[in-house]
Structures are given as structure tokens and as C-alpha cells.
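What follows is a set of notes on a single structure, which appears directly below.
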Amino acid sequence: MDLFDLDDLIPSLGIDPTEEHLEELYETFEKDFVSSDYTIDGYNIKIDLANSKEDGFEEYPHTFVKLITRGKKGKRLFDRKRANKIHWIKVILDNRETNDITCFQYKEGDGSIRDYFWFKEGDYLVIMEKITPNYIIISGFHIDNERNRNYYQKRLDNCV
């Protein structure tokens, strides 16, 4: 799929997802990252399949829940913008070597080095970490305001 053809997965998705919408989101995630092997530069793409501990999402894997929710006051809440773009992650990773994706490494506060894949035109960022022999999806989200855009631009400006 072309980056510029990406759109919301479920146009009718509301702030409180229906069970059917959650299932559709999970099926998309499962198709991209659970049901088939996916590698980048010889690294296996891995996700945390342990059940989430977040209220209302206990039957879903941790990584999936992290990709469709947003942290707020020590809790994770469903985020329609994040969830509706869950299918963007694989497309962005598949297009990482094009000029449309800004790639950089950033040394986190804990010393880990993470890879950032920023589709600036779509305001979407995927964060990955290599833990040999795997490549772990840390997060993926829509950058929804200027403050956050500036925050990640500063990370890019100070990358490894």
C-alpha cells in the first residue's frame, strides 16, 4: 500500500469502541504482526503477546492495547486517532527507505537506543527497539498537536 493512500481504518469509530470495532482493529493488527512472520533487515518483528492488564482490554495483547490507547494519569484510555491508524505501522515500516519516512535513532533516558520512523506528512510515528535477534514494536501513534510535533523534532535534531 502507498503511504499517501492511507486513511482511517474505521471511519465510524467513536470515542468508545464497540466490541465489533475492537475486533476489527485486532484482526488488522493480528494479520500484520501475529499471524505471519515479518522481518526488517534480518530482524524478526516481535510484539508483546501477553494479555494486557488495562481495564476493559484484558483479553488483548499488551502491544495491541498500547497501540490503540494513550497514557493519561497513570492509566491508558482508548484513543480513536491511534486506533484508526493501526494499519499504518506496517506500511510505514515497509516504506522506511523512501524519502517520505524520516528515520533516526534516539538514546532514551534509560540508555536504550530506539529507532524512530516518522511519516511527517501523515503525522504518524513508529518507535522500535532492536533486542537481537528481534526488533520490538515499542509504540506507534498519531502526532496530534504542535507541541508534540516540536518534541519529536527536537529528538530528531538531537539523534544519535
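Hey, does region 138-156 have a residue that's out of contact with any Pro (no Cβ under 6 Å at 6 or more places or on another chain), in contact (Cβ under 8 Å) with a residue 60 or more places away in the chain, under 22 Å from residue 38 (Cβ atoms) and part of a loop (DSSP other than H, G, I, E, B)?
no
Only one of 75, 66, 85 is touching a residue at least 12 places away in the same chain (Cβ under 8 Å) and either hydroxyl-bearing (Ser, Thr, Tyr) or surrounded by fewer than 18 Cβ atoms within 10 Å (Cβ to Cβ) (or both); which?
It is 75.
How many residues are among the charged types (D, E, K, R) and over 19 Å from residue 30 (Cβ atoms) when one looks only at region 66-90?
Start the filter on region 66-90 by keeping residues that are among the charged types (D, E, K, R), which leaves 66, 70, 72-73, 75-76, 79-82, 85, 90.
Now restrict to residues that are over 19 Å from residue 30 (Cβ atoms): 70, 72-73, 75-76, 79-81.
Within region 66-90, residues that are among the charged types (D, E, K, R) and over 19 Å from residue 30 (Cβ atoms) number 8.
Of everything in region 105-160, what is surrounded by 18 or more Cβ atoms within 10 Å (Cβ to Cβ) and within 16 Å of residue 6 (Cβ to Cβ)? Give them in sequence order.
Hits for region 105-160 are 117, 118, 119, 122, 124, 125, 126, 140, 141, 142, 143.
Just need a number here: residues in region 36-69 that are over 11 Å from the mean Cα position of the chain (by Cα) and within 15 Å of residue 142 (Cα to Cα).
So the count comes out to 0.
Please go through region 22-55 and pick out each residue that is of a type in the set (Asp, Glu), surrounded by 13 or more Cβ atoms within 10 Å (Cβ to Cβ) and part of a loop (DSSP other than H, G, I, E, B).
Once the filter is applied, which keeps residues that are of a type in the set (Asp, Glu), surrounded by 13 or more Cβ atoms within 10 Å (Cβ to Cβ) and part of a loop (DSSP other than H, G, I, E, B), region 22-55 yields 48, 54.
We did not get these values from a lab; they are worked out from the coordinates using the rules stated. Computed from a prediction, not measured in an experiment: that's the story for all the values here. Note: ideal-geometry Cβ built from the backbone for every residue, glycine included; neighbour counts use all protein chains shown.
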